[in-house]
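Take a look at the structure below.
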Amino acid sequence: MTIMHIQIPDDLKEAFENAFPGETIEQAFERLLRAELARRPMPRSPGSQSLVEAFKELSKNFPPMSHEELRRLRQEGRP
C-alpha cells in the first residue's frame with residue numbers, strides 16, 4: 001500500500017466533515033478514487049490494441065473494395 005500526503009484547505013476539510021460524517025478522509029478518498037477510476041476509460045499502452053482497433057487502423061491505408069473484389073482476392077490467396 002502507498003502513503004500519499006496531500007494538503008487540504010481548511011474550508012474543504014470542513015465541507016468534507018459535513019458531507020461524510022463518521023468517515024475518515026482515507027476511507028472517503030479511496031472510495032471516491034475507485035469510483036472515478038471505474039468511470040473513466042483506462043488508456044491503453046501503445047502495444048495493447050485490440051484486434052478490431054488494429055484492423056481499423058490498418059484499413060485506413062487501403063482503398064475501399066467491393067465484396068466481390070474481396071472475395072476474388074481471398075480466392076487468389078488460397079493454395
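Worth a mention:
- Once both labels are positioned 7 Å from their Cα atoms along Cα-to-Cβ, the gap between Ile25 and Ile3 label points is 1.4 nm.
- Pairs of Cα atoms farther than 16 Å apart, the chain, %: 74
- Positive-end residue of Gln75, Ala54, Leu12, charge dipole of the chain with Cβ unit charges: Gln75
- FRET efficiency for Glu36 and Asn61, using Cβ-Cβ distance with R0 set to 30 Å, rounded to 0.05: 0.20
Every number here is computed from the coordinates shown, using simple stated rules; none is lab data. These numbers were taken from a predicted model, which means no experiment stands behind them. Positions of Cβ are backbone-derived with ideal geometry, glycine not excepted, and every protein chain shown enters the neighbour counts.
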